[in-house]
Amino acid sequence: MDYKRTLNLLHTDFPMRANLPEREPEILARWEQMDIYRLVRERRRGAPRWILHDGPPYANGNIHLGQALNKVLKDIAIKYKTMRGYDCPFVPGWDTQGIPTEQGVEREYGLDRHDVPALAWRAKCRELAMKYVAVQREQFKRLGCRGDWEHPYLTLSPEYQARQIEAFGKMVGRGLIYRGLRPVYWCYHCETALADDEIEYADKTSPAIYVAFPLVDRPAILADLPPNAQVFLVIWTTTPWTIPGNTGIALNPGATYLVLRHNGRFYIVAEELAEQTMQAVGLTPFEKVAEAPGATFEGLRARHPLYDRPSTVVLADYVTLDQGTGCVHTAPGHGLEDYQTAVRYGLPIISPLDDQGRFTEQAGAALVGKVCDQANDDVVRMLSQAGVLLAAGSIVHSYPHCWRCDKPVIYRATNQWFLDIDRLREAALGEIEKAEWIPQWGRTRIAGMVAARPDWCISRQRVWGVPIPAFYCESCGDLVLREDVIAHVASLVAQAGAEIWWEREASDLLPPGTTCACGSTTFRKETDIMSVWIDSGCSHYCVLRTHPELGFPADLYLEGDDQYQCWFQTSLWIACALGDPAPFRTVVGHGFFVDETGQKLSKRKGNIKDPAEICNRYGADVLRMFFTYADFRSKMFLTESILEQVADAYRRLRNTARFMLTNLADFNPSHDAVPYEEMSALDRWALLRMQQVIARMTRAFDAWDLHLFHHELHAFVAAELSAIYLDCLKDTLYTELPDSRLRRSAQTALWHLLLDLTRLMAPIVAFTADEIWEHIRRIDPSLPVSVQLEDWPAVREEWLDPHLEERFEHLLRVRDAATAALDRAKKEGAFTNPLEAHLDIYATDAVLAAMEELGQEELKRFLIVSSLKVHDLREAGQATGDTDLVVTARLADGEKCQRCWQRLASVGEVAGYPELCQRCADCVSQWPGL
RNA sequence: GGGGGAGUAGCUCAGGUGGUCAGAGCGCGUCCCUGAUAAGGACGAGGUCAGUGGUUCGAGUCCACUCUCCCCCA
């Protein structure tokens, strides 16, 4: 006979197969329909605020994996903090202006910015930026991220732009903005200055030449030489085209320099590089004539080999002796260190190039019009003709490239706008000390960067951005840079957007009656715009300070660790420049993904993984779990096998929840729940373990150890619930009468476990947690409509029964010994299914006591066997070695009950039920509805 | 070259103040179950804790150096 009808084999609609790619969009639609963001905010109305300020991603394409990780981590933090009782508004933002969008317009619309008027160009840029805001918004939502997606902040909005201009005005008012001639990275393809953080280093092959600069003055140590002796300083450079900009030669003050004679001429090089240099230029053999420290050469003049002007010997600590000659060609218009040295010595700063990188007339007739680094050969030829070229070769070295067009950049002295970092440095370092940095080394890292960073070049020669609100007098050329004037511009921009700067004449943008000191009333507008890093760096001023639901400072900034150099820093500089404290209390940095070979994922390497594709194959929940699989604070590997592993872990969680849901199908918490005191020891143990797990997982979350959280959760579900507790429960759940105390006790425990597990999962496995929650609500419809409206589980101290825990420590040892014994007996052929086994357990004091206290029937349930007998170890007879626990297994006596499948003595003894044991016979006879 | 990280089983990770600390989960192999079934259970194999020297009675655990890798900067 089939006894299935007399068993509690229940059903759930919760499917085993997740099919997340299809199910998640349905859940999303539900969230949207119930307006989950608003619901959650309302639930926390009046609660303390916790504010995570969204660092704006750049809206110029589909989101990539790093952005997906970033937003999901933010979402996890917000959901966790909300469940912990905080009101967590989340206003997402986008960075929308700047060169990447301009390039996007050229690429996607096939336009050339030189052919399009500024306003039309800006309109195109705006259109493209808005397109990607819309695209990315949907992609972030698809990942399950909760936020005020319909009201994001956008750097291109008039209110944002106006606030940014206002902030600029304040910085001007504080005297922190200046305009100056400085070498900056210049991309002559993009025709713009680039900030340090817009540079990428890549290998480049460059010429490497040795040039002899004839000394005009005579060093003291060579006073004895005949007046007509020819003495040269030997320099080495990889940028011949900067020779026209040479105005000095730098020596290391402490290093020793040698004067070497070859063929009647004298050459000066550093001692450590002498042999190497003379070999390289073929001036052998040579003879040492004299030596002196670099400092003694200071101020001597050499003659520029191409022009009739001097090149002066200067001293600089940065001159190293690991390469070159120890005499460093110094072109102040083409290098930052060179520039700084030049300022110190008063050397001329020459940069004979135009915006397109072509030599101007200042470089002489032979070079004018030629593009700088394509003119290397010309310069080399000229040097050769001048008889000063000693050698020419080539070298592969790391060289700065433009972050957008990937072409090599140059250093070029230009007029730029700067933020005076020196005056802010101390304040910034103080704020860094006060903030919390996760991981901790983030503090050291950013402090080092802040301590060393030079003044910040904030201007760009572009159109798509916020104008630098400055004016110039048309008659005397004086700069008009005043806080009140800027405030006036800001008020105009607030109404009409930054477009007004291009739409109107200067006279319309200035406050009425503005007059220059020279008496003139006609002005022209500055044409530079602000760097996009000013845009995002102002976000705390433009967003946190203005949105009523937000506040300054934010509790958390959370970005990829490249932002130590970028947004974390620019936000801090702007705050300091405005006289504010740091805009963040805590800063969390996360790492990046690498492929199986440890290489960073990048478009160029062609090893990128599209988050959307992962969503389509595995689902957003698997991706979200993957983000917590490894420690996000360092680099993370992304491989197919790891994704598979995470997908397996997901299935385990899902199936365990499904098992619990199934066996709760006939459970009504308000009627059937068993009071804790009356629950079985096994059930109380499960609840005890759950409380411990809650405590540990909460600690992990608070410490940002999300990967520990992940592994803790999974290990608990797999190794304790699934492998032990739920397995032990099956007999009870299936075979006992539906309303039996033992079964209801088990269900009560399952109910608590399922509720807490689902709550714990909610921040990370967001979709599935709510999917489970929906089914939980069928059991208890009084629960809120989404698990997102729930509180984080609190540890029930009263369930942390230390005596119970100690007992189960012993019992788990027994269980380990029992399963091993069962395995041995099974392999010897005693039985195939351990359920049909009999165990003899030999133990001592504490273990014995634990088993006795649990009771025979409960112990049988715990070990999942048909019968067992507990003995004192002394009864074991044969030598037990040094162990205090012996378990043996054999086939149990009696016949197999056809209902519960245990081998029991009572089978065949019960009248009317020849195939059943006593318990099953009783159950069947009382089975409801039979 | 400078600054910041990391290196424990195939994978992802645990291993306060040095002495059962060589662990977990997954994966893998073998077996069981078929009343969680495109599920579930059991057992098993796998690591000289990157390397080399120290300190110590004793070191993944402290010190020095080396190697490899990642990030940022020049």
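The values are calculated or read from the model by the stated rules, or taken from the named source; none is laboratory data. These numbers were taken from a predicted model, which means no experiment stands behind them. Because the Cβ atoms are built from the backbone with ideal geometry, glycine has one as well, and the counts that use them run over all protein chains shown. Surface areas here come from the heavy atoms of the whole protein model, side chains and all, with no ligands, DNA or RNA. Shrake-Rupley method; radii C 1.70, N 1.55, O 1.52, S 1.80 Å.
Are any residues in region A:128-151 closer than 18 Å to A:VAL466 by Cβ and open to solvent by 10 Å² or more (accessible area, probe 1.4 Å), and if so, which ones? Spell out the reasoning first.
Filtering region A:128-151 for residues closer than 18 Å to A:VAL466 by Cβ gives A:128-130, A:133.
A:MET130 - this is the single residue of region A:128-151 that is closer than 18 Å to A:VAL466 by Cβ and open to solvent by 10 Å² or more (accessible area, probe 1.4 Å).
Only residues that are near RNA strand B (Cβ under 7 Å from one of its atoms) and assigned to a helix (DSSP H, G or I): list them for region A:610-652, please.
A:SER641, A:ILE642, A:GLN645, A:ASP648, A:ALA649, A:ARG651, A:ARG652
Which of the residues that make up region A:653-666 are open to solvent by less than 10 Å² (accessible area, probe 1.4 Å) and more than 11 Å from RNA strand B (Cβ to nearest atom)?
Residue satisfying the conditions is A:LEU664 alone.
Looking only at region A:216-224, decide whether some residue is farther than 29 Å from A:ARG358 by Cβ, in a loop (DSSP other than H, G, I, E, B) and of a type in the set (Val, Ile, Thr).
Going through region A:216-224, the residues farther than 29 Å from A:ARG358 by Cβ turn out to be A:216-224.
Restricting the remaining residues to those that are in a loop (DSSP other than H, G, I, E, B) gives A:216-219, A:223-224.
With of a type in the set (Val, Ile, Thr) added as a condition, the list becomes A:216.
Yes, that holds for at least one residue.
Name the pairs: first residue in region A:278-301 and among the hydroxyl-bearing types (Ser, Thr, Tyr), second residue in a helix (DSSP H, G or I), Cβ to Cβ under 9 Å, at least 6 apart or on different chains?
These pairs meet every condition: A:THR284/A:MET278; A:THR296/A:ALA220; A:THR296/A:ILE221.
Suppose the filter is open to solvent by 10 Å² or more (accessible area, probe 1.4 Å), touching a residue at least 40 places away in the same chain (Cβ under 8 Å), more than 30 Å from A:SER925 (Cβ to Cβ) and within 16 Å of RNA strand B (Cβ to nearest atom); does A:TYR86 pass it? Step through it out loud before you land on a result.
Details: open to solvent by 10 Å² or more (accessible area, probe 1.4 Å): yes; touching a residue at least 40 places away in the same chain (Cβ under 8 Å): yes; more than 30 Å from A:SER925 (Cβ to Cβ): yes; within 16 Å of RNA strand B (Cβ to nearest atom): no.
No.
Can you name the helices (runs of 4 or more DSSP H) wholly within region A:492-609 that have at least 3 residues being among the aliphatic types (A, V, I, L, M) and either within 16 Å of RNA strand B (Cβ to nearest atom) or touching a residue at least 40 places away in the same chain (Cβ under 8 Å) (or both)?
On the way: elements: A:500-503, A:506-509, A:532-537, A:567-577.
Output list reads A:567-577.
Out of region A:373-403, which residues are within 48 Å of the chain's Cα centre (by Cα) and crowded, with 19+ Cβ neighbours inside 10 Å? Spell out the reasoning first.
Kept after step one, since they are within 48 Å of the chain's Cα centre (by Cα), are these residues of region A:373-403: A:373-380, A:391-403.
If the condition is that a residue be within 48 Å of the chain's Cα centre (by Cα) and crowded, with 19+ Cβ neighbours inside 10 Å, then A:ASP373, A:ALA375, A:ASN376, A:VAL379, A:PRO400, A:HIS401, A:CYS402 are the ones that fit.
Could you check region A:1-25 and list, in sequence order, the residues that are under 13 Å from A:PHE767 (Cβ atoms) and open to solvent by 90 Å² or more (accessible area, probe 1.4 Å)?
Matches in region A:1-25: A:GLU22 only.
Okay, residues lined up against (1) within 50 Å of the chain's Cα centre (by Cα); (2) under 24 Å from A:ALA723 (Cβ atoms):
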{"residue": "A:ASP791", "(1), (2)": "yes, no"}
{"residue": "A:LEU804", "(1), (2)": "yes, yes"}
{"residue": "A:ASP816", "(1), (2)": "yes, yes"}
{"residue": "A:GLY829", "(1), (2)": "no, no"}
{"residue": "A:MET851", "(1), (2)": "no, yes"}
{"residue": "A:LEU863", "(1), (2)": "yes, yes"}
{"residue": "A:GLU875", "(1), (2)": "no, no"}
{"residue": "A:ASP884", "(1), (2)": "no, no"}
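What number goes with the only condition from (1) under 25 Å from A:GLU150 (Cβ atoms); (2) at pLDDT below 95; (3) open to solvent by 80 Å² or more (accessible area, probe 1.4 Å) that A:ARG49 does not pass?
Exception for A:ARG49: condition (2).
Scan region A:1-15 for residues that are within 12 Å of RNA strand B (Cβ to nearest atom), part of a loop (DSSP other than H, G, I, E, B) and out of contact with any helix residue (DSSP H, G or I) (no Cβ under 6 Å at 6 or more places or on another chain) and report the count.
Here is the first cut: in region A:1-15, the residues within 12 Å of RNA strand B (Cβ to nearest atom) are A:1-12, A:14-15.
Now drop any that are not part of a loop (DSSP other than H, G, I, E, B), which leaves A:1-2, A:7-12, A:14-15.
Applying the additional criterion that residues be out of contact with any helix residue (DSSP H, G or I) (no Cβ under 6 Å at 6 or more places or on another chain) yields A:1-2, A:9, A:11, A:15.
Within region A:1-15, residues that are within 12 Å of RNA strand B (Cβ to nearest atom), part of a loop (DSSP other than H, G, I, E, B) and out of contact with any helix residue (DSSP H, G or I) (no Cβ under 6 Å at 6 or more places or on another chain) number 5.
Any chance you could count how many residues in region A:16-39 are within 28 Å of the chain's Cα centre (by Cα) and over 28 Å from A:ASN655 (Cα atoms)?
Matching residues across region A:16-39 total 2.
Spot the failing condition for A:GLN856; the list is (1) within 16 Å of RNA strand B (Cβ to nearest atom); (2) surrounded by 13 or more Cβ atoms within 10 Å (Cβ to Cβ); (3) under 22 Å from A:LEU737 (Cβ atoms), and only one is missed.
(1)
List the residue pairs whose Cβ atoms are under 6 Å apart, where the first residue sits in region A:388-413 and is at pLDDT 80 or above and among the polar types (S, T, N, Q), the second is part of a strand (DSSP E or B) and surrounded by 16 or more Cβ atoms within 10 Å (Cβ to Cβ), and the two are 6 or more positions apart or on different chains.
A:SER394/A:PRO207; A:SER394/A:ALA208
Scan A:ASP780, A:ASP756, A:ASP770 and give me the residue that is of a type outside the set (S, T, N, Q) and more than 33 Å from the chain's Cα centre (by Cα). Quick ask: steps written out before the conclusion?
Numbers: A:ASP756 fails: more than 33 Å from the chain's Cα centre (by Cα); A:ASP770 fails: more than 33 Å from the chain's Cα centre (by Cα).
Going through A:ASP780, A:ASP756, A:ASP770 in turn, the sole match is A:ASP780.
Counting residues that are within 15 Å of RNA strand B (Cβ to nearest atom), crowded, with 21+ Cβ neighbours inside 10 Å and of a type outside the set (Phe, Trp, Tyr), which helices (runs of 4 or more DSSP H) fully inside region A:709-792 reach at least 3?
So the answer is A:726-735, A:741-761.
Check A:GLU42 against each of (1) exposed (fewer than 15 other Cβ atoms within 10 Å of the Cβ); (2) in contact (Cβ under 8 Å) with a residue 40 or more places away in the chain and name the one condition it does not meet.
All conditions are met except number (2).
Please report, ordered by residue number, the strands (runs of 3 or more DSSP E) entirely within region A:290-356 with at least 1 residues that are more than 21 Å from A:THR277 (Cβ to Cβ) and open to solvent by 30 Å² or more (accessible area, probe 1.4 Å). So that I can check it myself, show each step before the final result.
Values: elements: A:301-303, A:310-315, A:327-330.
Filter on region A:290-356 gives A:301-303, A:310-315.
What's the total number of residues in region A:794-830 that are within 8 Å of RNA strand B (Cβ to nearest atom) and either in a loop (DSSP other than H, G, I, E, B) or crowded, with 20+ Cβ neighbours inside 10 Å (or both)?
1
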